[in-house]
Every structure is written in structure tokens, then in C-alpha cells.
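What follows draws every value from the coordinates through simple rules; no lab data is involved. As the structure is a prediction and not an experimental result, all values here were calculated from the model. Glycine gets a Cβ as well: all are built from the backbone with ideal geometry, and neighbour counts include every protein chain shown.
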Amino acid sequence: MQLHQLFCRFTERTEPGEEEAFGYAFEKIVLFAETIGVGTTWIAGTMDRSGFERAVKLNEDEVMPCVSPLGYEAKKMSLRETMMRKGVKADTRLPFASLFFDGTFDTPLSESKASTLKNALEAVRFAPSAVNKQPWRIVLCGNKVHFFEKHNRKDTSDGRWDVQKIDMGIALCHFELAAKEAGQNVVFEINDPHLPAPADTEYIASFVIHQA
Ligand SMILES: Cc1cc2nc3c(=O)[nH]c(=O)nc-3n(C[C@H](O)[C@H](O)[C@H](O)COP(=O)(O)O)c2cc1C
């Protein structure tokens, strides 16, 4: 396979939801690579962006938000990587009750109430995100699971795209895969429930859980 085939691109500013779609699709490639023992890492910032864009012969109306190297993991992390991971607390995640809510943003969701969705929510919680900011917030309302983006980064790559929407696509991917793995019948929809939400928190999409 040629290196350039491993890049995903999308056409600039045509459709709402394209960053999420990019994150969702790219994460499926990443997870597949991991299942066959190939190491990956999402990279949006720490690369020679113009060099990569030249290498993939990016058209003027296209953007290439992220790349991933593919290869076998080094046995030992470099000092640089160790320091960078420390800087973003890469080995930790926000607690369940800070990310997931029961009916309204005022009520944290307990793990027992999450019940059969607990593993799917944990799969979201452990997902990778740019600078480990974990922008996903989820409100469970009956049989609907609403995903929101908590905007907590200012730098969104020249304003050309919102890297946290790419994180949201990753979260949607993790939830869907884990829920389906657990035998849940989940259907994607974009249907804003217009819930009162904290500042800088934007509705993204939902999954509806149907009886399996
Ligand atoms: C959209 C996105 C962009 C990222 N960009 C970079 C990057 O430029 N450089 C880097 O070293 N890691 C990058 N990461 C990796 C995150 O820093 C990492 O996922 C996070 O710190 C959590 O660590 P973990 O995935 O190893 O658990 C990125 C991750 C995502 C999802």
C-alpha cells in the first residue's frame, strides 16, 4: 500500500458534520490496524503539515486534518514522547460522572443506571482525543443517547476545521462499535433535543436504542 493511500481527506467546507464523519471513518481504519497488530497514532499537530500536504498532492479544495503512521510499536518510548504524554496526562481520563448525564446536564449518570450501555460509554471515555481534551459529553434520555461537544480548545487549525469535532466522530465510532458488540440495536440520527446545556456545549448527534 502506498503511504498516500493512508491519508484521509475531505473537501473543504461543503457539508456540516464532515469533521465528525472524518473522525468516525479514520478511527475505524485505526482500530482495524490495531486488530492486525499494526501500531497507529492520530497526529493533527506534531507533523510537518505542509510537507505532508505536498506529499499527498492535496487539491486546493481539500483539507487533510490528521494523519497516522502505521508500523510496529517501538519497545521503548522516546523521551520526547514520554514528556509530551505527561504534559497532556495521556494516561488518564475524566471520570464517568463528569462526562455522562442522566436526562439533564444537572444529573450525573451513575454506572448502575447506565446498565447495558456502560461498556459502550466506557469505550467513549477511553477514546483518543486531540491533546487528550475529551470534549464528549453524553446525555441519556430514555432510549436516546445524545452526544454533545464541550468546546475547550481555541486552536482549531486555522479555523479550517474543528479538531474537537473529529474527536466527536471518534466518540461516535467507539460508542456504536461497543454497543453493537454488546448486541444493542443502535440507530444514528441527528435530531437536536434542545436540552438546556452548559456554556460552549454544542449538540452533535444521537443514537436511538431500539429493542434488539
Ligand atoms: C484528533 C487527534 C489528534 C491528535 N494529534 C496528535 C499529535 O499531533 N501529536 C501527538 O503526539 N498525539 C496526537 N494525538 C494523540 C493524543 O494526544 C492521545 O490520543 C491522547 O493524549 C490520549 O492518549 P492515548 O490515546 O494514548 O490514550 C491526537 C489524537 C487525536 C484523536
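For this structure, a couple of remarks:
- Remark: for residue pairs LYS28/LYS57; LYS57/LYS89; LYS28/LYS180; LYS89/LYS113, the C-alpha separation exceeds 26 Å in LYS57/LYS89; LYS89/LYS113.
- Counting all C-alpha pairs of the range 88-210, share separated by more than 19 Å (%): 44
- Here the Kirkwood formula puts the hydrodynamic radius of the range 36-142 at 16.9 Å, using every distinct Cα pair.
- Along each principal axis, Cα extent of the chain, largest first, Å: 48, 41, 33
- The relative contact order of the chain comes to 22 percent, based on Cα pairs under 8 Å that sit 6 or more residues apart.
- Structural descriptor for the range 88-210: relative contact order 27 percent, calculated from alpha carbon pairs under 8 angstrom and at least 6 residues apart.
- The chain - share of DSSP beta bridges that are antiparallel (%, nearest 5): 90
- Residue-wise HN-Hα coupling along the range 127-138, computed from phi with Karplus coefficients 6.51, -1.76, 1.60 (Hz; x: Gly, Pro): 5, x, 8, 4, 6, 6, 7, 6, x, 6, 10, 10
- The Kirkwood hydrodynamic radius of the range 3-86, based on inverse pair distances between different Cα atoms, is 14.3 Å.
- Exposure proxy ranking, count of Cβ atoms within 10 Å, fewest first, for LYS154, LYS57: LYS154, LYS57
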